Structure formats: C-alpha cells, structure tokens
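So the structure is just underneath, and the comments pick up after that.
The values are calculated or read from the model by the stated rules, or taken from the named source; none is laboratory data. Just so you know, these numbers come straight off a predicted model, no measurement behind them. Reconstructed Cβ throughout: ideal geometry from the backbone, glycine too, with neighbour counts over all protein chains shown.
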C-alpha cells in the first residue's frame with residue numbers, strides 16, 4: 001500500500017494542484033509570481049488603448065490584432081510597420097504570426113531601419129539596445145538600410161517612441177522603466193501611476 005504524505009491534514013497532491021493552478025490562473029488576474037510582476041487584463045486593455053490612440057485604431061481593433069498570436073508589445077510594431085510600408089495591418093500581423101523576423105518584414109516592405117533609431121540624450125545607458133546602437137554608430141547613415149535590427153530592438157524602439165509620445169514622457173524615462181520591467185505593458189502601467 002502506498003504511503004501518502006500529509007501536511008496538516010492536506011494531501012501533497014492537493015498542494016501541488018493548488019500551486020499549478022496559481023501559476024496558470026494567477027497571471028490572468030494580475031499579480032506577482034516569485035517576484036515577477038504580471039500585468040492583469042485591465043493593464044493590457046489600457047496599454048492597447050494607448051497604442052491604438054497612437055495609430056488612430058480602436059482598442060477593439062488592437063485586440064483583434066492580438067489574435068494573430070503575437071505578444072501584446074508587438075501590436076504597436078505591427079501598426080508602425082504597416083503604416084510605414086503602406087500595407088494592411090493584417091498582412092504584417094500574419095507574417096509575424098508565421099514566425100517571420102521583424103528584419104525580414106522590414107526588408108520585404110522596404111521600411112528603412114533608421115526610422116527606428118531614437119536620439120537618446122548623451123550618456124544614456126541604452127542597456128540591451130547597446131548592440132543595435134553600436135551598429136548604427138559603426139555604419140554610415142547612407143547604409144543604415146543594411147542594419148539588420150534584432151526583434152527585441154524593433155519591439156523596444158517602437159514601444160519606447162510610442163509610449164514617450166503618447167504619455168508625454170521623455171524617451172530616457174521610458175527606456176529606464178523598460179530596463180527595470182522588460183515588459184511594455186508593465187512599463188505603461190507603471191508610467192501611468194507615476
């Protein structure tokens with residue numbers, strides 16, 4: 001006969017199930033898992049509202065773009081690229097949803113990588129964007145079309161620009177908050193509170 005472990009009258013299997021449920025359901029309501037803050041549904045809706053305003057798109061339409069299986073923070077990139085390329089948002093979302101890199105999509109539609117570069121104040125620590133900014137610095141401006149931007153850089157640069165413009169906050173402040181949170185829904189939520 002198998003011995004079952006009990007802690008204060010609770011079977012260990014029940015504790016394991018409760019932990020699994022907390023990890024699975026907890027993020028839907030916002031909260032923190034092991035010190036990592038997870039945005040709730042309201043934070044995502046607020047973020048979508050701000051992104052939609054930047055591009056003249058309703059929050060509902062922004063949410064529909066999210067149905068392509070993209071991360072929330074990529075929706076602004078879809079809108080930005082579609083506008084610059086003069087193509088449908090759905091086409092860009094579909095390509096990205098199929099696993100195409102942002103660099104490939106930019107190249108396909110002739111979107112110049114230089115438009116993503118943000119002029120941060122001198123001496124700004126750009127953190128994870130260091131490699132991208134080194135590429136821009138080492139490449140003559142006339143050849144910036146040859147700079148292949150990594151996906152995280154495209155996502156970060158679009159979100160930093162959009163949140164800065166929409167929330168009327170300096171780009172360096174948005175960058176600094178992103179360096180701490182590494183999630184633009186959380187960045188948006190934190191900047192709204194401050």
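Structure notes:
- Residue count for the stretch 177-194 satisfying the condition of being under 15 Å from residue 125 (Cβ atoms) and at pLDDT 95 or above: 2.
- A count restricted to the stretch 95-106 and to residues that are part of a helix (DSSP H, G or I), surrounded by fewer than 18 Cβ atoms within 10 Å (Cβ to Cβ) and modelled with pLDDT of 95 or more stands at 2.
- Search result, residues across the stretch 127-148 that are at pLDDT 95 or above, in a loop (DSSP other than H, G, I, E, B) and in contact with a helix residue (DSSP H, G or I) (Cβ under 6 Å, 6 or more places away or on another chain): none
- Residues (in contact with a helix residue (DSSP H, G or I) (Cβ under 7 Å, 6 or more places away or on another chain) and more than 15 Å from residue 116 (Cα to Cα)) located in the stretch 158-173: 166, 167, 169, 170
- The helices (runs of 4 or more DSSP H) found entirely in the stretch 1-86 that carry 1 or more residues being surrounded by 12 or more Cβ atoms within 10 Å (Cβ to Cβ) and modelled with pLDDT of 95 or more are 41-55, 75-85.
- Of the residues making up the stretch 75-91, just one is under 12 Å from residue 162 (Cβ atoms) and out of contact with any helix residue (DSSP H, G or I) (no Cβ under 6 Å at 6 or more places or on another chain), namely 83.
- Residue check for residue 155: without any contact (Cβ under 8 Å) to a residue 40 or more places away in the chain and either assigned by TED's automatic domain parsing to the domain that holds residue 107 or out of contact with any helix residue (DSSP H, G or I) (no Cβ under 8 Å at 6 or more places or on another chain) (or both): no
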